[in-house]
Amino acid sequence: MDSRELGSVFQSLDKSCTGFLTVQQLQDFLQQVFYITLSTNQIEAAFKQVCGSRSKGVTIDTFEDVLCELDRRQNTEEQAYWDFQALDITGANRISLRDAQLLFKEYHGDSFSVKTWQDFLKSRRNPNADICFDEISLWLCNIPVGVGATEDEFRMEEDRSLSSQNSYWEDALSTSRSIQEDQLSREKSEMEYVTSTYWGAQRKLDRWKKLGLKAMLLDEDADIDDMIPPTQISDHVTVTDVAEAIDQKYKCLRELVLVELSSLVAVTDDEKSDLFQQLLYDTEQFRRRGSLNEMVLSIPEAKLLTESSLPALMGPPQFRGSRNTETDELRTLRTSQTPEKDIRKIIEKRMFEGAVSFGDFLVDLETRYSAEKSANRIDMDQSENYSHMPVFCKLMRQLMLIKGENSFMSASITAGLAEREQQYSGDGEYSWDRCRSERLAKAQIKKRNLQGKNSRVQKEALDEVELQIAGHMDLVMEFISQITKKHTLEKEALLSALDNRQDCGNAQEQMKQLCTHYRTWRSSSVTDASAWHKIIPQAVGLLYRKWVERLTSQGVPVTESLISCCLLTDLQLRQEEEFHCTLQKLLDKPNSTTDILRNENRALVFSHYENIAYIVFGETEVSTEEKEYIQALEKKYDSLREHIIVMALQLTMNWKSMSQDEKKNAVLKRKREEKKMRTKDELAEMERLVGHKHKHLPLRVFVGEEKHEFESRLQKGSMSDESADGGQKPLNLLADLIPRYENEQDHVLNWLRSRDTKGMSLRMKKMKIIHLVLEKFCIDMELDFEVAGLRLGLVERISAVLKEGRHNTDQHRQSQLAKRRTYLRRRRVMQGEEYVKPTVNKSIPVSGDIMGWQMTYLKEVVLRHLEEQEVLLNCLQDESLEELLEPAAMMTAGEREQRLMELRDKRSKLDLKKQGDREENLSILEEATAIGAIQKQVGLQGSSGVQKVSLEEVTVAVLRDLQDSQDKELATVLYGLANMDEMTIEEKVKKERDARRMASSDNVLFCLTQCKEDETEAELITVVDKKYDMLQNRLLVDTVISYIGPTEWKTWSASQKQQKLDALKSEVEDFLKKGNSPGLRQVIGDTIGMETVSGLMGVNRQVFRAWLTQKLEAACDISDPEKAITPRNADPFSDLRHRLDQDKDWLHSYLRGEHGNFPSWWDKSVLAVKIWRETWLASEDSSFIFAALTSGLLERPHPKKKPVLNTDRDRYLRLAKNRLEMIQTQKKAGREKEPADVIIQDKNKTALMESLLKILERTHQQEREMFVSMLTREGSTSHQAKLPTQQQRRAKLKKLQTERTRVRGETRRNHEILQAGTEIKSEECLCWLSFHREGDKITQMDVHHYLLGDLLYHQNCMVETFLISLSDKGELTSPSERIRGVRRLQGEVRRLQQDYREKWTESR
């Protein structure tokens, strides 16, 4: 713009022709023409700078210079503004003095003057306070005054400014604290005054009510303090508080009803407000007069109709005297098998019909209000320990929910649902409350669409200071507020996710992955929820699809709004359930109120959306009880993960030359990398950590099928082989661990949350942890991953060993495990590495720590097994074995078997506490290894048809046999561990440690010396199982008979009886599995009265044999073992199961020679027949009591001249009473001729022995019948029996015995001698009983019982002696000798059969 144009502009601005322009004229010109908004101060400063302070205005000569100066100031101010914003890091539009000084230096440059800076500070009201932009902008644009400061002067001024500002802020902080203290002091004084006044007024009111007006007027102020108020008024809930809460609840509902009514009638807002106030006034007047029911319809507006009635909206009341008819009606519909679609229609129709007037609605509301107040008052009067807290808390929450709704319909539904404890069901089963909740959801979605989608929930962190000083009720109220806000936020988040939902591919697979991501986030962070928020739309999309499929299958028309309502309903019901559960936890544990409140606030502030996760994924939160199981599972997988990492490092690094610290650091670094990849879901990247060699190695090849697959097939009774891949594509070893862990975690949690598990005893449930810890321990004990993986899989499925046996793939894994162990040991020996025994912490668990003892016992068993494997491999891979193999190969099969039997016997006579015997034991093992290896080699050549089997293959096969044997032992230990008491486990731990210290290697010797034709352990266990199954079935029969009576039982058909027994047996097995002893006691009732299994059967075999050995060896008297046993406080079924476990444990140790010599072929056969005899004779008894008596007595054999337990004498006496009654009953009924025995011509030794015992029992039955006949013969006591002294009676009995030997073939005379002897024995017994039972009246029947008991005892002694004689007739080791033994048995059968027929003829 040239001078001419500037002159024209100036003249146009100078309208009054004064020759100069004012500041205001310049400012208007800049804003209108250039849109520049400079402040008046800036324009004045530019005017003074160009024209001087004395000039009246801007002349035409200075106009151009002023415009240039103004332009400079405009540019400078804009640049300074953005520099100021960069220094304002707090966003408070303030910067410090130091930063302001830097700006001065920046814009004034070398002209920066200390004088200008100090002038600026003096111009401020408070020179040391922070500086805003408006203060500094003008000074930055002005030209500085004074001499430019040097660098030192600038720094000195900077330090001075900083010191001054620090002093200023310290003074300000001190002043602020003083003001706050004064404020708190005033508030405290006011609170004390209010409190004191309140309690004073309360005291006067109480005196007025109790003593009258005069007493209240005469009450002086000085006496007010005698009522000491509580320290925290808000720590208690009174009746008044509950009443006021009920009043407020129904007041809000009434106001919402009247607001709705006003909105329907009035047009403008003013009319609505006036009408509402009038309706509210009229309604309150009617309520006070008690005439609301009659007068409400006098209000014209009250005749308008509502959509639904109050009962339909709120549902049935939940207080005393109310009946939930809806539940009964719904149960009737489901019982009649009404389709879900029809149930939905019926409920919806009932819900929306029956519209009433607003007046009737108000009347119903008043009726419900009166009923709730009355019910609350009745509850308080009828209960001494009534607590107002739960009711008050629920009412306060209902009040908050009502205030959050904008319509009376939504508020009524919300209040009604909150009154009742809701139960969320993931299957979406329709009900009345679900229908109400869907209607509420529909209204809330509509409200959200109208009011906008922005959240109105304020998320503020709790003030920890206020938490410390708050009372208990304040904390509870804050909890209700926080959880209500959280629920509102969750609803908003769900609706937002529905708007942005994402449809996915494979729903099941995608849901599992999302659940994994959610759990990973929950376990890693609680403050950053962004990872969870990202997957919510996908998760909600999957749930949306699930609901579409569910409603479609029910025949319900599907719409988007209906699905949204269903999802929101699920969330609301879950929220109701969560509130009541958390409130109950808070009331049960008041000390945890603060922690619960913090958790709710954290979930609100950081938007955890826990209930959204719950309805999508199910229960993902792990309870305190469940954490113990999950931690054990995590440790197991961490150990396996570490083995994989170590394996990869051994291939990529110079592992052997590294120090222990270097190895540890390398493993730790890899573990961190793996965890980071796992968190980010970078599964494919884990291939780098595994290494190239193992990147395609499937984890399932080593570990096998997952637990849930195995246990599912096991429960179905199917032990078919496992599937090849389990439906999952392998990535790499580390990546494959993640889904396996997730599946096992789900399996454990589902098991814990199942109804069956919840009914289990705590000890039975803890066995799951024991299994997991055992699996981890087995991993830790292995240095090689392949061995660890194979061992883990076999231990996971070890329960199959005692049932159907391992499937083919696991049998192959067992062989692979033996092969890998053989290879690793040979490599170790070749590399000159010494064997290091695995060690663990040998600390003794504290008393009462049953889990600690159980785990210690299992660890000791596993350690012994590992050492036994080392012993076997040491013998098989020793170079000196070749010297022993040659002579062993030259033996015949019979000679090798004979030598193995000799070695077993030789080993059983050693005392391994002595060093010399331990060395001898090692020599025995070496020789047995050579012979066993040759036997195994011959067996492998015969089975495979191969001419030559290498020693390496033999080693693998023998080691595999040892592993099988050890697995059976471990499975047996696990099976019986839950029923062992602490003392028993402690003894077994000591025994295991002794076995390891002495290197007994029992399993090795047992494995090497097994004969092909021996009775296997499984067969003997089957015999024992049959015995206890018989006893349990007998107890079940007695239980059923006690239910229905013996007469009714006889009328039932065989199929009816079996059906009832099967059902009862299934129930008992279920209780046994859960360890539910109270449930079993309830099942059995009074079937056996006060009897116990231990009282009926006595001590088991192991305890009795130990006592018998001590009794025979000790010079002093040994007390009865039953006195030392603490009776179990359990039911008969559990006692039988416990005794079965003890018998199996004894059988296992007996077969391994732990109780003396190794049992021979005959010994095992005789033992099997003994147990069969116990089962057979006990099954012949009429009731469980006598079956248990018989079985227990037969368990404790009594060879001649061996001691008998005192308690067993009483049992024989009790059994004799039963036998006498049976014989007499049979005699009255008339006895039929028994059929002759069938001689078994087969060469089966067990069948032949059973035939022998049957013939013996028939002979004994005949003896008992004859003896009873002699005892009960009329006039049996002749003058010969009445001998005066015991000596004469003994002499007479001896004479009769001698004469009977002489006339044995004369039947008549023999019978007379026996009759005379019986009479004398009866007299002797009568005298003995009279002497020892002084004061008791002894009858002849007592004598009969005593003598018959003696006969039963001696008959059992005879059978035991007979069976011992069979075992003592030489060692039958070779096949030819065993054939001769079977033929000898056939001869015994024929002889006994002939004797029995002769005796039968004589007795007739």
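The values are calculated or read from the model by the stated rules, or taken from the named source; none is laboratory data. These numbers come from a predicted model, not from an experiment. Quick reminder, even Gly has a Cβ in these numbers, built from the backbone with ideal geometry, and neighbours come from all protein chains shown. Accessible surface is based on the protein model in full, side chains and every heavy atom, while ligands, DNA and RNA are left aside. Shrake-Rupley method; radii C 1.70, N 1.55, O 1.52, S 1.80 Å.
A few points about this structure:
- With respect to (1) modelled with pLDDT of 85 or more; (2) touching a helix residue (DSSP H, G or I) at 6+ places or on another chain (Cβ under 8 Å), the lone exception for E987 is condition (2).
- Matching residues, the range 93-147, being assigned to a loop (DSSP other than H, G, I, E, B), free of Cβ contacts under 8 Å to residues at least 60 places away in the same chain and either touching a Cys at 6+ places or on another chain (Cβ under 9 Å) or among the polar types (S, T, N, Q) (or both): N93, R94, S123, N126, N128
- Just so you know, in the range 460-509 the residues that are closer than 21 Å to H580 by Cβ and of a type in the set (A, V, I, L, M) include one that is modelled with the lowest pLDDT, and it is M473.
- Candidates A978, A995: the one that is small (G, A, S) and more than 35 Å from the chain's Cα centre (by Cα) is A995.
- Residue in the range 559-578 that is of a type in the set (D, E, K, R) and more than 26 Å from the chain's Cα centre (by Cα) present: yes
- Within the range 1096-1113, the set of residues being open to solvent by less than 40 Å² (accessible area, probe 1.4 Å) and part of a helix (DSSP H, G or I) comprises L1096, M1097, R1101, F1104, W1107, L1108.
- Subset of the range 1072-1094 (residues that are assigned to a helix (DSSP H, G or I) and open to solvent by less than 40 Å² (accessible area, probe 1.4 Å)): L1072, K1074, S1077, G1079, L1080, V1083, I1084, V1093
- When restricted to residues that are of a type outside the set (A, V, I, L, M), assigned to a helix (DSSP H, G or I), over 21 Å from L586 (Cβ atoms) and open to solvent by 30 Å² or more (accessible area, probe 1.4 Å), the range 439-486 contains 6.
- Sole exception among (1) open to solvent by 20 Å² or more (accessible area, probe 1.4 Å); (2) on the phi > 0 side of the Ramachandran plot for S607, by number: (1)
- The set of residues in the range 300-325 being modelled with pLDDT under 80, in contact with a Ser or Thr (Cβ under 9 Å, 6 or more places away or on another chain) and not in a helix (DSSP H, G or I) consists of F319, R320, G321.
- Selection status of E384, outside any helix (DSSP H, G or I) and at pLDDT 85 or above: no
- Subset of the range 552-584 [in contact with a Pro (Cβ under 8 Å, 6 or more places away or on another chain) and open to solvent by less than 20 Å² (accessible area, probe 1.4 Å)]: L583
- Candidate set: the range 1114-1143, residues that are assigned to a loop (DSSP other than H, G, I, E, B) and buried (at least 16 other Cβ atoms within 10 Å of the Cβ); chosen: the one modelled with the lowest pLDDT: R1128
- Unmet criterion (only one of (1) more than 25 Å from M998 (Cβ to Cβ); (2) surrounded by fewer than 20 Cβ atoms within 10 Å (Cβ to Cβ); (3) hydrophobic (A, V, I, L, M, F, W, C)) for L910: (1)
Results for (1) modelled with pLDDT under 80; (2) part of a helix (DSSP H, G or I), shown as yes or no for each residue.
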position	(1), (2)
S1251	yes, yes
Q1261	no, yes
S1269	no, yes
K1292	yes, yes
R1300	yes, yes
G1305	yes, no
R1308	yes, yes
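- Index of the failed condition, R1308 passing every other in (1) over 17 Å from L1347 (Cα atoms); (2) in contact with a helix residue (DSSP H, G or I) (Cβ under 9 Å, 6 or more places away or on another chain): (2)
- Taking the numbered list (1) part of a loop (DSSP other than H, G, I, E, B); (2) open to solvent by less than 20 Å² (accessible area, probe 1.4 Å); (3) not small (G, A, S) in turn, W853 passes all entries but (1).
- Given (1) in a helix (DSSP H, G or I); (2) within 29 Å of D810 (Cα to Cα); (3) not hydrophobic (A, V, I, L, M, F, W, C), number of the condition E705 does not satisfy: (1)
- Test: residue in the range 791-805 that is basic (K, R), outside any helix (DSSP H, G or I) and surrounded by fewer than 19 Cβ atoms within 10 Å (Cβ to Cβ): yes
- As for the range 711-732, it holds no residue that is basic (K, R), open to solvent by 40 Å² or more (accessible area, probe 1.4 Å) and touching a residue at least 12 places away in the same chain (Cβ under 8 Å).
- Test: residue in the range 808-827 that is closer than 30 Å to R763 by Cβ and either in a helix (DSSP H, G or I) or open to solvent by 50 Å² or more (accessible area, probe 1.4 Å) (or both): yes
- Residue within the range 148-170 that is of a type in the set (V, I, T), out of contact with any Ser or Thr (no Cβ under 9 Å at 6 or more places or on another chain) and either part of a helix (DSSP H, G or I) or open to solvent by 90 Å² or more (accessible area, probe 1.4 Å) (or both) present: no
- Only listed residue being of a type in the set (V, I, T) and under 16 Å from F1133 (Cα atoms), chosen from V1023, V1068: V1068
- Some residue of the range 1330-1338 being farther than 21 Å from Q1286 by Cβ, at pLDDT 80 or above, open to solvent by 20 Å² or more (accessible area, probe 1.4 Å) and not β-branched (V, I, T): no
- Odd one out for S843 among (1) in contact with a helix residue (DSSP H, G or I) (Cβ under 8 Å, 6 or more places away or on another chain); (2) surrounded by fewer than 19 Cβ atoms within 10 Å (Cβ to Cβ); (3) among the small types (G, A, S): (1)
- Residue within the range 974-982 that is among the small types (G, A, S), more than 24 Å from D1135 (Cβ to Cβ) and surrounded by fewer than 20 Cβ atoms within 10 Å (Cβ to Cβ) present: no
- Applying the criterion of being open to solvent by less than 40 Å² (accessible area, probe 1.4 Å), of a type outside the set (K, R) and not in a helix (DSSP H, G or I) to the residues of the range 387-425, the residue that is nearest to V237 (Cα to Cα) is H388.
- Restricting the range 106-126 to residues that are among the charged types (D, E, K, R) and under 19 Å from S163 (Cα atoms), the residue that is farthest from the chain's Cα centre (by Cα) is K115.
- The residue of the range 347-376 that is farthest from E419 (Cα to Cα), among those that are of a type in the set (F, W, Y) and modelled with pLDDT of 80 or more, is F358.
- All of (1) over 16 Å from I483 (Cβ atoms); (2) open to solvent by less than 20 Å² (accessible area, probe 1.4 Å) hold for T593 with one exception: (1).
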